[in-house]
Amino acid sequence: MELADRAIGFVLASISVIVFTYYTFWVIILPFVDKEHFVHNYFLPQEYAILLPVYAGVSLISFLSVFIGYVMLKSKKKKKA
C-alpha cells in the first residue's frame, strides 16, 4: 500500500506544480508579452485569471459548508438515539 500512496502523492504533487506554474505564468508574466505573440494562444483571456479562482473558492466553501452541516446533523441524530 505504501507504494500506491507514494505514487498518488507524486501524481498530485506533479499536478499541483504544473497548475501553479501555468497560473503564475498566465497572471504574472503574460501581461508583459505582446498581444500578437503566439504564446497567447495557449492561455485563456485575462479576465478568467480572476474568475476561475473565485468560482473554485466559492465552490469549495459551499461544499465544505454542506459537508460540515451534514456531519453536524448526523452526529446530532446519533446523540438522540
(request) Look through the range 1-19, keep the residues that are under 20 Å from residue 48 (Cβ atoms) and at pLDDT 95 or above, and return whichever of them is most open to solvent (accessible area, probe 1.4 Å). (result) 18
(message) With the requirement that a residue be open to solvent by 100 Å² or more (accessible area, probe 1.4 Å) and in a loop (DSSP other than H, G, I, E, B), what does the range 31-45 give you?
(response) 34, 35, 36
(request) Could you list all residues from the range 28-81 that are among the polar types (S, T, N, Q), within 20 Å of the chain's Cα centre (by Cα) and within 22 Å of residue 18 (Cα to Cα)? (result) 46, 59
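The values are calculated or read from the model by the stated rules, or taken from the named source; none is laboratory data. Every value quoted in this text rests on a predicted model; they were computed, and no experiment measured them. In this analysis, Cβ positions are derived from the backbone assuming ideal geometry, glycine residues included, and neighbour counts consider all displayed protein chains. Each accessible area value is taken on the protein alone, full model and side chains, heavy atoms only, with ligands, DNA and RNA left out. Shrake-Rupley method; radii C 1.70, N 1.55, O 1.52, S 1.80 Å.
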